[in-house]
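Values in this text are rule-based calculations from the coordinates and carry no lab data. Here the structure is a predicted model, which is why all the values come from computation and not from measurement. Virtual Cβ from ideal backbone geometry, glycine too; neighbours counted across all protein chains shown.
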Amino acid sequence: MLLDTPICEFGWKAPDFTLKDPNGQPFTMSDHLQNGLLIAFICNHCPYVKTLADRLARDTDLLRSKGIGVLAVMSNDYRDYAEDAPPRMLEFARMNGFNFPYLVDEDQSVGQAYNAVCTPDFFGLNADGLLQYRGRLDNLRRGESGEREPELVNAMLRIAETGQGPQDQTPSMGCSIKWTRGSL
């Protein structure tokens, strides 16, 4: 089911969390705030994520080079969606060149705390952990070169520089998060 994300709630204090990657290594959100932090709710099987995975890898490499932290969270119920299981997450990350932690939200509590709606769902936080961006990878408008404008990169660079996100944001869209039956 195709869904759009809600409008950014500027200044919302993102709850801290600790999640493990598929190898069992824990990562704590607040340890990665740096000059800002991008949290990307993604999964392996979503066609929207598959389409942008290579761009996400390149764009996040750029962001990380500017001191912006990046974490990806997989909140889907992988028991019902085997393609999203932790061993497959490792394959997906390697295949797409992800150089950021790709974390398992086993009990879906982080996805629920963030009110994540779809994959991909991007949350851009400033250094204080306050939400400043909730939108898509690329803007719908095309720049002078004819390419779509890199909305996410531009927003995160602005957040790193000023602590504030752009007022004009395009909601992300993608596949609904696959919640455990009866959890919502």
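Near the amide H of Cys118, within less than 5 Å, lie the amide hydrogens of Ile177, all on another chain or at least 5 residues away, with H placed in the peptide plane. DSSP assigns beta bridges within the chain; of those with both partners inside it, close to 70 percent run antiparallel. Taking packing as the residue-averaged number of other Cβ atoms within 10 angstrom, the listed peptides 122-129, 94-101 run from highest to lowest as 122-129, 94-101. Using the Karplus relation 6.51 cos²θ - 1.76 cosθ + 1.60 with θ = phi - 60°, the per-residue 3J(HN,Hα) values for segment 39-45 come to 10, 10, 7, 9, 8, 7, 8 Hz, with x marking Gly and Pro.
By definition, a body whose alpha carbon gyration tensor gives a ≥ b ≥ c is oblate when a/c is 1.5 or more and a/b is not larger than b/c, and segment 64-131 fits this oblate description. Residues whose amide H comes within less than 5 Å of that of Tyr133, counting only those at least five positions distant or on another chain, are Gly124 (H built at 1.01 Å from N in the peptide plane). Amide H contacts under 5 Å for Thr170: Arg136, restricted to partners 5 or more places along the chain or on a different chain, H placed in the peptide plane at 1.01 Å from N. For the chain, a/c is less than 1.5, where a ≥ b ≥ c are the root eigenvalues of the C-alpha gyration tensor. That puts it in the rounded class.
When only the Cβ of Lys, Arg, Asp and Glu is charged (+1, +1, -1, -1), the dipole of segment 60-184 relative to its Cα centre reaches about 80 debye. Sorting 107-120, 38-51 by average packing, meaning the other beta carbons within 10 Å per residue, from highest down gives 38-51, 107-120. So in segment 1-98, what percent of DSSP beta bridges are antiparallel if you round to the nearest 5? The antiparallel fraction comes to roughly 40 percent. Counting only cysteine Cβ atoms and a cutoff under 4.7 Å, the chain contains unmatched residues Cys8, Cys43, Cys118.
Work out the count of Lys pairs in the chain where the Cα-Cα distance is under 23 Å, with the pair 8 or more places apart or on different chains. Qualifying lysine pairs in the chain: 4.
Could you tell me whether segment 1-71 comes out rounded, prolate or oblate from its Cα gyration tensor? Rule is a ≥ b ≥ c as square roots of the eigenvalues, rounded for a/c under 1.5, then prolate if a/b exceeds b/c, otherwise oblate. Since a/c stays below 1.5, the shape of segment 1-71 is classed as rounded. Summary of the geometry: segment 1-37 and segment 57-73, compared by the centres of their Cα atoms, lie 13 Å apart.
Derived scalar couplings between HN and Hα for segment 78-84 equal 6, 5, 8, 10, 4, 5, 9 Hz in order, rounded to whole Hz, by the Karplus curve 6.51 cos²θ - 1.76 cosθ + 1.60 (θ = phi - 60°), x for Gly and Pro. As a proxy for reagent exposure, Asp105, Asp121 were ordered by neighbouring Cβ count within 10 angstrom, fewest first; the result is Asp105, Asp121. Look at the dipole of the chain built from charges on Cβ: of Met29, Met95, Leu137, the Cα furthest out on the positive end belongs to Met95. Sorting Glu91, Glu151 by the number of Cβ atoms found within 10 Å of their own Cβ, with the fewest placed first, yields Glu91, Glu151. Estimated purely from DSSP H runs of n ≥ 4, each contributing -39500 (n - 2.57), the mean residue ellipticity at 222 nm for the chain is -8000 deg cm²/dmol once divided by its residues. Remark: segment 86-95, residue by residue, has Karplus-estimated 3J(HN,Hα) of x, x, 6, 4, 4, 4, 4, 5, 5, 4 Hz, where x stands for each Gly or Pro and the curve is 6.51 cos²θ - 1.76 cosθ + 1.60 at θ = phi - 60°.
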